[in-house]
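Taking it in order: structure first as structure tokens, then the write-up.
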Amino acid sequence: MSAFALKGGVLHAEDVALPALAEEFGTPCYVYSRAAITAAYSAFERAFAPRPHLICYAVKANSNLAVLNVLARLGAGFDIVSGGELLRVLAAGGDPGRTIFSGVGKTAAEIRLALGHGIKCFNVESGAELDRIDRIAGELGKRAAISFRVNPDVDAKTHRYISTGLKENKFGVAYAEAIPLYRRAAALPNIKVTGIDFHLGSKMMDPAPAVEAAGKIFALLEALATEGIALSHFDVGGGLGVPYEPGEGEADLAGYARGLLQLLEGRSETLVFEPGRYLVGNAGLLLTRVEYLKPGAVKNFAVVDAAMNDLIRPALYEAYHDMLPVTPRDGAPSTWQIVGPVCESADFLGHDRALTLAEGDLLAVMSAGAYGFVMSSNYNTRGRACEVMIDGARAHLIRERESTPLLFCHESILPR
């Protein structure tokens, strides 16, 4: 059951009416459901209960401290891609010992920070990175736990900007180079080889590519074992999607679990996951208000107060987000282009939406819990939206709206 539903003719988030949120906090406003996050995490936990596993939430999907704290309380580990994300995890009460550091461009300062806090593992993405981690670990008198992210060259069948498992992508080490790199890593004095990792990309609804890739990486795991390089965890990344369009089915979590559990039957390695979108994508919406209706000879424009700086996915990926009127109106719908006030033709949230609208109406841009606020910007000197977490009948402001003076408080003009 969705955490967002009509009650008494008004769209609610759990037990809170969205118009009340708009009145209290203003728009645009990101709204998240604690119950929806908890339900998604619990479903993942149940699916893999038969074997040891660790769910490391991909912080890049939504890094608000309240979101991270909800997941930490549920027992999640974390997958980070920057030193800043590590500090967010720590501030939210996350366990660094259950945190994995991914990403192709880890700086020396970030590696020192991660080693100093005792993270679980680095997902290493190049031989050069391996050498840097070994050198820094030696300087600090530590042994760094590492896993190589291996590129399986499997097509996840997603948008090219979010596909990461093909050999033309920047991520990971080439499949053919994996075993020589593991041999080299195992001989380094400041490195402890603990796992193997892959990640295909985001928004997979069919588990078949992930299971195929897992089979290819599993063959490497077995080959390494014959050379005496035993691994303690098998990291299958993330990438399970959520439905964005009406009528789109859910990702096949059961099929995903069945394929992976069969592959690793009888093995002792801990299964590690890095889900992001699956846990928070449909747990959030962007609440926006219609400022102007601008009918035209060719197209009708509904200008709302949210823009591409608030939610860039439609402009960047041509991503679809369903849009629901918060208080549905009677009458025949018209076809509207839902656009924002930013001075770009790419500033749209949705094309050709059949809606019955009036100026001042509230719209809910659905499935905005992942890669929404985290990708927002201050383009056109627009303060970023506030964020609110709903917990039953209570609404908690978890990030204040940015004021305009805050946007340039770190800037200065030249002296005379």
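Since every read-out is calculated from the coordinates, none of them should be taken as a lab result. Everything quoted here is computed from the prediction, not taken from an experiment. A quick note on method: Cβ atoms are made from the backbone with ideal geometry, for glycine too, and the neighbour counts reach across all protein chains shown.
Miscellaneous remarks
- A DSSP coil position with no more than 15 other Cβ atoms inside 10 Å describes the following GluC sites (Glu not before Pro) in segment 246-352: Glu248, Glu250, Glu265, Glu318, Glu344.
- Between Glu291 and Ser403, the FRET efficiency from the beta-carbon distance, with R0 = 30 Å, is close to 0.90.
- Per-residue ellipticity at 222 nm computed for the chain from its helices equals -8500 deg cm²/dmol, with DSSP H segments shorter than 4 residues left out and the rest contributing -39,500 (n - 2.57).
- Per-residue Cβ neighbour rank within 10 angstrom, fewest leading, Ser202, Ser403: Ser403, Ser202
- Anisotropy class of segment 34-278 from Cα gyration tensor, a/c 1.5 cut: oblate
- Among the trypsin sites (Lys or Arg not before Pro) in segment 165-240, those located in a DSSP loop and surrounded by at most 15 other Cβ atoms within 10 Å of their own Cβ are Lys167, Lys170.
- Residues of segment 33-51 with amide N under 19 Å of the 7 Å Cα→Cβ point at Arg258: 43-51
- Above-threshold pairs, the threshold being 26 Å between Cα atoms, out of Lys120/Lys216; Lys7/Lys60; Lys60/Lys203; Lys60/Lys299; Lys7/Lys203; Lys60/Lys120: Lys7/Lys60; Lys60/Lys299; Lys7/Lys203
- The residues neighbouring Arg289, those whose beta-carbon lies less than 10 Å from its own, together hold a net charge of -4 under the Lys/Arg +1, Asp/Glu -1 convention.
- FRET efficiency estimate (nearest 0.05) - Cβ-Cβ, Thr226 to Arg143, R0 25 angstrom: 0.55
- Each part gets one Cα centre, and for segment 268-329 versus segment 47-82 those centres are 23 Å apart.
- By the count of other C-beta atoms within 10 Å, a proxy for reagent exposure, Met323, Met308 are ordered fewest to most as Met323, Met308.
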